[in-house]
1. From (1) part of a helix (DSSP H, G or I); (2) near the ligand (Cβ under 9 Å from one of its atoms); (3) modelled with pLDDT of 95 or more, pick out the condition that doesn't hold for LEU205.
2. Tally up the residues in the stretch 33-63 that are hydrophobic (A, V, I, L, M, F, W, C), assigned to a helix (DSSP H, G or I) and farther than 20 Å from VAL159 by Cα, please.
3. Kindly check whether there is at least one residue in the stretch 70-87 that is charged (D, E, K, R) and loosely packed, with under 14 Cβ neighbours inside 10 Å.
4. Quick one: in the stretch 256-271, which of the residues that are more than 9 Å from the ligand (Cβ to nearest atom) and either in a loop (DSSP other than H, G, I, E, B) or open to solvent by less than 40 Å² (accessible area, probe 1.4 Å) (or both) is nearest to SER45 (Cα to Cα)?
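The values are calculated or read from the model by the stated rules, or taken from the named source; none is laboratory data. No experiment lies behind these values; they were computed from the predicted model shown. Backbone-built Cβ (ideal geometry, glycine too); neighbour counts: all protein chains shown. What goes into the accessible areas is simple: the full protein's heavy atoms, side chains included, and nothing from ligands, DNA or RNA. Shrake-Rupley method; radii C 1.70, N 1.55, O 1.52, S 1.80 Å.
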Amino acid sequence: MTTISPADFMAAAPAPLGGNTPWAARYAAELRRVATEHAARAPRSLQLHLGPSELGSPCDRQVAGKMAGLPVTNHVSDPWPSIVGTAVHAWLAEAFTADNVRKGMARWLAEVRVTPHPNHPGTADLYDAVEQSVDDHKVLGETSMQKVRSAEGPPRKYVAQLGLYGLGYLRLGLPVKRIVLIAWPRTKSSLDQLYVWERLFDGELVELLAEVWTDTARRQEQAKALHAGHIQLRDIPATPTSDECFFCPFYRPESSRESSVTGCPGSVNPQ
Ligand code: SF4
């Protein structure tokens, strides 16, 4: 039998919450429960047609698991960054839409439904009719911000997502010259830390999108086999990366030691 060390046990336990009295600390836990449960609500059925934000992941195992609607096994990631991101997106949509009124010009299109592929529609954050650019807001912590600022640029998943939105806008009949990632600082107190990454919507990007469709077709077959119970999650090839694993719904470091624990060991033990 595999034993769990006290350090592992403590690492898996939720962090105690602060309050000026024991009642306040207990109340904090109840408030966190409401936020966490609301953030975790997700479909549990076969959903082969994921949106553009999911399709560019490098990991077959993650995407096929999501398509198969497998239950979340990640107990380490916290929903707060995503809650903040959702709230900031809603605020920014209002801000850019209101700018059209302030300037008397229909420059910005916020939160528009686009269809880069009939089976994979999604909602694009922003289109700039003046620059003919497709823009995506990312609300990033310091580590992710540094990666976007680095020579390597944003992860493939973000570039693919923007490319797919760009394709969606082209299919709406609007010109798309470039894709733009707007990195808003989640953990800083000033907009001085805003950073913009851009690239042209060119042939190289179209090639990347062709790769995404090939990956998607393969992953759909894997998801069908998973959903039917013909294979298990660990039978699907994994591509662990520091960008993906910690936030992956199936990340479960203990599964590298215990066969009874479902999930994927991810970057702890690449397979
Ligand atoms: S934990 Fe990492 S390797 Fe495992 S499925 Fe998720 S992204 Fe892939």
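1. LEU205 satisfies every listed condition except (2).
2. The number of residues fulfilling the criteria is 4.
3. From the stretch 70-87, those charged (D, E, K, R) are 78; that's our starting set.
Okay, now just the ones that are also loosely packed, with under 14 Cβ neighbours inside 10 Å, so none.
No, every residue in the stretch 70-87 fails to be charged (D, E, K, R) and loosely packed, with under 14 Cβ neighbours inside 10 Å.
4. Looking at residues that are more than 9 Å from the ligand (Cβ to nearest atom) and either in a loop (DSSP other than H, G, I, E, B) or open to solvent by less than 40 Å² (accessible area, probe 1.4 Å) (or both), I get THR262.
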